[in-house]
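Presented below is the structure to which this report refers.
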Amino acid sequence: MVITLWICLFLVFYTFFGYGIVLYGLVKLRQLIKGKRLPPDNAGNWPTATLIVSAYNEENCIAEKIGNSLSLSYPADKINYLFVTDGSTDSTPDIISKYPQIKLMHRPERNGKIAAIDRAMHEVGTEIVIFTDANTMLNKDALLNICRHYHDAKVGAVSGEKRVHIEDVSDATAGEGFYWKYESKLKTWDSELYSVVGAAGELFSVRKSLFVPVPPDTILDDFMISLLIAQKGYRIIYEPAAYATETGSENIQEELKRKIRIAAGGIQSIVRLKGLLNPFSNFVLCFQYISHRVLRWTITPFLMILALVLNAIIAFWCPGNFYKALFALQALFYIASLLGWLLEKRQMKIKAFFIPYYFCMMNYAVIAGIKRYFMKQQSATWEKSKRK
């Protein structure tokens, strides 16, 4: 029982913190042997690119998105803009139609984002395709910072950074911003070691020649599209100098809804990307994928529960204070999380409790997402989470 407890604690620690420590050490070792990776110099030879925005009922932000997109730095003769608004019932298509620089694709029926993207990809004739969400704004040099990497023939996809705007007077959703800052650091090290394990849909790009359509019921299309390219032996680069900014979830309930969907999609992706679990195919990528994604989306939340239960039993039966103190630390963490939940319910702004609350909420979402996936309750078409 004691051995099982320590295995549980080790795996939980490794999943959320240990992998970051190991990854940092491996990156430093690689840099010592081979030097730091530098973006290739394309000498001004920019590839042709298409910026695709899939928008569903985004009339409140689409004009801002259009202005942001058209203001991005990139050679004018090498960039196309394609907005897909399938199924939109508001004025989103009408607003876009006022801009002749943008190609609008619209159908009244709503078949989901994947169907819209597949339809748009048949219209793309450029070397690079860049995907971004309608409710995120890009920094001015985002496209330049992304496309410079494609001078390296080994690069198959480039992911930008997601930044969550944190308000000074925030609620428990402030944890979302802290989480993404930590994720960004891990992705930077993943990219430096070998490859990012999955791109975020807020901003990512692929070589058009490597794009593989995913099944229409795919929940995390961005994750699947990018990893199917990595599975072919190409690297996915993480470029934090190209970033998409969005506001946090409107409230913790909206964030939980989003996290459950991601967890359900994560399990679906693990089932469908079995080849990435083969260490003999690409050992480094397999190591990164399991450490950064698979453990989080499968056993770790259950190990947290098991560790608490086992610790309680051992503390009760074993003499000495060590395991009692260890259990007390675990209990204090979960009490802090519970207080965060209660304070959030009462709209009280004490950020010290938001991090444990957000952490526990994320792991609960994994369990709920696993259940939703195997109960076939998660649709690929879904209502987007409300943002502040």
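GNM on the chain, C-alpha springs below 10 Å: top fluctuator among Gly67, Gly25, Gly44?
So, out of Gly67, Gly25, Gly44, the one fluctuating most is Gly44.
Counting other beta carbons within 10 Å of each residue's own, what order do His122, His292 fall into, fewest first?
His122, His292
Using DSSP H assignments, which helices in the chain have an axial alpha-carbon span of 20 Å or above and a mean Kyte-Doolittle hydropathy of 1.6 or higher?
Helices passing the filter in the chain: 300-317.
At 0.36 nm per residue, and after removing the present C-alpha to C-alpha distance, how many nm does the segment from Phe17 to Met1 gain when stretched out fully?
Length difference between fully extended and current span is 3.4 nm.
What nm distance separates the two modelled labels at Leu342 and Lys140, each placed 7 Å from Cα along Cα→Cβ?
5.0
Give the order of Tyr334, Tyr99 when sorted by the count of other beta carbons within 10 angstrom, beginning with the fewest.
Tyr334, Tyr99
Under a Cβ-only charge scheme (Lys and Arg +1, Asp and Glu -1), can you give me the dipole magnitude of the chain about the Cα centre, in debye to the nearest 20?
1040
Can you sort Tyr182, Tyr56, Tyr150 by how many other beta carbons sit within 10 Å, fewest first?
In increasing order of surrounding Cβ atoms, one gets Tyr182, Tyr56, Tyr150.
In whole Å, how far is the Cα centre of region 103-161 from that of region 1-55?
Centre-to-centre distance over Cα atoms comes out at 23 Å.
Once each part is reduced to its C-alpha centroid, what is the distance from region 71-100 to region 328-372 in angstrom?
Each part reduced to its Cα centre gives a spacing of 40 Å.
With point charges of +1 on the Cβ of Lys and Arg and -1 on the Cβ of Asp and Glu, referenced to the Cα centre of the chain, which listed residue (Leu329, Leu227, Met375) lies farthest in the positive direction of the dipole?
It is Leu329.
Computed from the coordinates by the stated procedures, all read-outs in this text should not be read as laboratory data. Source: prediction; values computed, not measured. With ideal geometry, Cβ positions are generated from the backbone for all residues, glycine too; neighbour counts draw on all protein chains shown.
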